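The block underneath contains the structure these notes are about, expressed in structure tokens.
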2 protein chains.
Amino acid sequence: MELNSYLEQTADQVDSLIYRYFGSSCDDLGRASAHLLLAGGKRLRPALLLLCADAVNKGSAIDVVPAALALELTHSFTLIHDDIMDGDLVRRGVPTVHTKWDEPTAILAGDVLFASAFEFLSLADAPDSAKVRATSMLARTCVEICEGQHMDMSFEARDDVGEGEYMKMVEKKTGALYAAAAGIGSILAGGNPIYTDALYHFGQGIGMAFQIQDDLIDLLAPPEVSGKDQASDIREGKKTLIHIKAKEKGFDLSPFQRRLSSAEIDEVIGRLREIGVISEVQETARNLVMTGIRRISILPQSEEKDLLLQMGDHFISRSS
Amino acid sequence: MELNSYLEQTADQVDSLIYRYFGSSCDDLGRASAHLLLAGGKRLRPALLLLCADAVNKGSAIDVVPAALALELTHSFTLIHDDIMDGDLVRRGVPTVHTKWDEPTAILAGDVLFASAFEFLSLADAPDSAKVRATSMLARTCVEICEGQHMDMSFEARDDVGEGEYMKMVEKKTGALYAAAAGIGSILAGGNPIYTDALYHFGQGIGMAFQIQDDLIDLLAPPEVSGKDQASDIREGKKTLIHIKAKEKGFDLSPFQRRLSSAEIDEVIGRLREIGVISEVQETARNLVMTGIRRISILPQSEEKDLLLQMGDHFISRSS
């Protein structure tokens, strides 16, 4: 099977649960909670969870789709709260929750999704012992995501952020939830601890690579390809791996912290290519995926394992 | 045993876990998460959980103290987020988290405690099936608390809030977490479903009565007794049961939405007593406790059952 058709199929499964449970709220808080969920999204974390469940126990009668939804709810909760903290106005082509409603409602909408994630996880059709381990993993993951977001915010005011710190931040902010998606999929489907551990680290690695690729897309992709504003990270002074590596090589991006013309962006990109920053950052992302792929080499051969490899590749080759 | 010594003893147990796990954070977010927890608190929800566990299964080897802590973490999370929404500056005699740090840190600190609650609940030493049911109950409860807070905020702009709506709001905002404390205590200790259901509703009733008593204390208790500002609810135009009942009887408290002298407060109290509002509100709280006590009459006689009855009584007789 092609990865794209698998992703479409699992997104449909998750979307149908989203519409069933969040599609027709009759109160204001319910609508605010559902707003971002209903605005679309690639549902990559749920897909990873489902894929890992099948990779360790294909054809088991266990229904882990509610758990897959739990991962999407967790992701959506973090986006709603992050948007408040970052003051972002638009996400997925719609106004952010705190913009369309207000800040108190957005805090509560995030909290509702957070709680619902644990509710759906306990609804998954899996042995209780697996659900307890999955709950504990999701809870720990949420603490890590908060720590990652806090690190990311604290970087804004600093000009001495090192590569190690950046990698730790990405591990927590983005890697942790992909790790949990993979680990929880394996746990619920009855995967043995060695498979679960391998899949957890695979998810962590490709999740970190996903974030680094996001930073590359922000810089390199023209708006007509990415659907986003180009070079917004440089404009906002974000301490991305690109920023950190450039600084190490004597090219400080801080003076470009303003709206740049597309000619200026091209010049910056040219310079970054010249001094090898772009290729090094791409290499870092590729290594994370490769290390992840080596971790799951112990899994038996299967269509799902093949899709996992494709997924790793997709995370660092996508341009939007 | 006297209720007070029981409460002191269980508060010590919970406090020692709080100090162990939250007492020495070396990072900023950890300190912000621990701030309100370390500022004290009566630990009433943990006490109710422990009491209910013992009431259904005294002397069981099951350690539910981590679950009791989970309830306190949940309570603390809701306070941190509520304080942001309500713009409150001081709580438990210390600056609120968003005042001492900033709003983004306070949102994250609340989220960290929320996640930690589920982590500690899954650590409780109880059968997995019980922990899954407890997790699901806590998750549903958190959704209800958010709904209750949202209702409470929406009341501020309205002048037609009815008694039924007020009671529904209090049931969600305050009753739900006491209900969950009692229900989870019973579930984890292996209480049969009939005991669990009875304790859940007992918790809900005394929790609602607790909130109504809080409103009475706000109006009636002089600052030197309550440690709080007197009649702040009237000043802020809060739609309490006192406000709603007074309005029904033709005494509108809205014009008093300003700083009142203590002579004015006494005059308002006198008028409210005269038209029977105070006694009716006290009666409502007492009925909630009495109904709860009738629910748990099916429990076998025990020292713990006696303490539960004392607790119900304490919730409506306390003056601070």
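The values are calculated or read from the model by the stated rules, or taken from the named source; none is laboratory data. Values in this document were obtained by computation on a predicted structure and should not be read as measured data. Please note: Cβ atoms are built from the backbone with ideal geometry, for glycine as well, and neighbour counts cover all protein chains shown.
Go through the residues of segment B:172-190 one by one and say whether even a single one is among the basic types (Lys, Arg) and more than 17 Å from the chain's Cα centre (by Cα).
no
So which residues in segment A:133-149 are in contact (Cβ under 8 Å) with a residue 40 or more places away in the chain and within 30 Å of B:Gly87 (Cβ to Cβ), if there are any at all?
A:Cys142, A:Ile145, A:Gln149
Out of A:Ser186, A:Ser136, A:Ser116, which single residue is in contact with a helix residue (DSSP H, G or I) (Cβ under 6 Å, 6 or more places away or on another chain) and closer than 22 Å to B:Ala126 by Cβ?
On inspection, the qualifying residue turns out to be A:Ser136.
Among the residues of segment B:203-214, write down those that are in contact (Cβ under 8 Å) with a residue 60 or more places away in the chain and closer than 15 Å to B:Ser317 by Cβ.
The answer is B:Ile206, B:Ala209, B:Phe210, B:Ile212, B:Gln213.
Here are some conditions: (1) touching a helix residue (DSSP H, G or I) at 6+ places or on another chain (Cβ under 7 Å); (2) modelled with pLDDT under 95. A:Leu308 meets all but one. Which one does it not meet?
Only one criterion is unmet by A:Leu308, namely (2).
Out of segment A:26-53, which residues are surrounded by fewer than 16 Cβ atoms within 10 Å (Cβ to Cβ) and either of a type in the set (D, E, K, R) or within 14 Å of chain B (Cβ to nearest Cβ) (or both)?
A:Cys26, A:Asp27, A:Asp28, A:Lys42
Run down B:Glu171, B:Glu119 and say which single residue is away from chain A (no Cβ under 12 Å) and either within 22 Å of B:Gly292 (Cβ to Cβ) or at pLDDT 95 or above (or both).
Exactly one of B:Glu171, B:Glu119 is away from chain A (no Cβ under 12 Å) and either within 22 Å of B:Gly292 (Cβ to Cβ) or at pLDDT 95 or above (or both), namely B:Glu171.
So B:Leu188 ticks every box in (1) of a type in the set (A, V, I, L, M); (2) within 23 Å of B:Leu37 (Cα to Cα); (3) assigned by TED's automatic domain parsing to the domain that holds B:Phe315 but one. Which box is left unticked?
(2)
Out of (1) within 7 Å of another protein chain (Cβ to nearest Cβ); (2) under 20 Å from B:Tyr200 (Cβ atoms), what's the single condition that is false for B:Val112?
It is condition (2) that B:Val112 fails.
Pick from segment B:54-64 the residues that are part of a helix (DSSP H, G or I) and touching an Asp or Glu at 6+ places or on another chain (Cβ under 9 Å): which of them is surrounded by the most Cβ atoms within 10 Å (Cβ to Cβ)?
Top of the filtered list is B:Ala55.
Among residues belonging to segment B:175-231 that are charged (D, E, K, R) and either crowded, with 23+ Cβ neighbours inside 10 Å or in a helix (DSSP H, G or I) (or both), point out the one that is modelled with the highest pLDDT.
Among those residues, the one meeting the criterion is B:Asp197.
Look at segment B:121-132 and say how many of its residues are free of Cβ contacts under 8 Å to residues at least 60 places away in the same chain and buried (at least 20 other Cβ atoms within 10 Å of the Cβ).
3
Report yes if some residue within segment B:87-104 is surrounded by fewer than 21 Cβ atoms within 10 Å (Cβ to Cβ), among the charged types (D, E, K, R), more than 8 Å from chain A (Cβ to nearest Cβ) and outside any loop (DSSP other than H, G, I, E, B); otherwise report no.
Yes: one or more hits.
Return the total of residues in segment B:89-144 being more than 18 Å from the chain's Cα centre (by Cα), charged (D, E, K, R) and under 17 Å from B:Ala181 (Cα atoms).
4
Find the residue count for segment A:236-250, including only residues that are buried (at least 17 other Cβ atoms within 10 Å of the Cβ) and over 22 Å from the mean Cα position of the chain (by Cα).
Qualifying residue count, segment A:236-250: 3.
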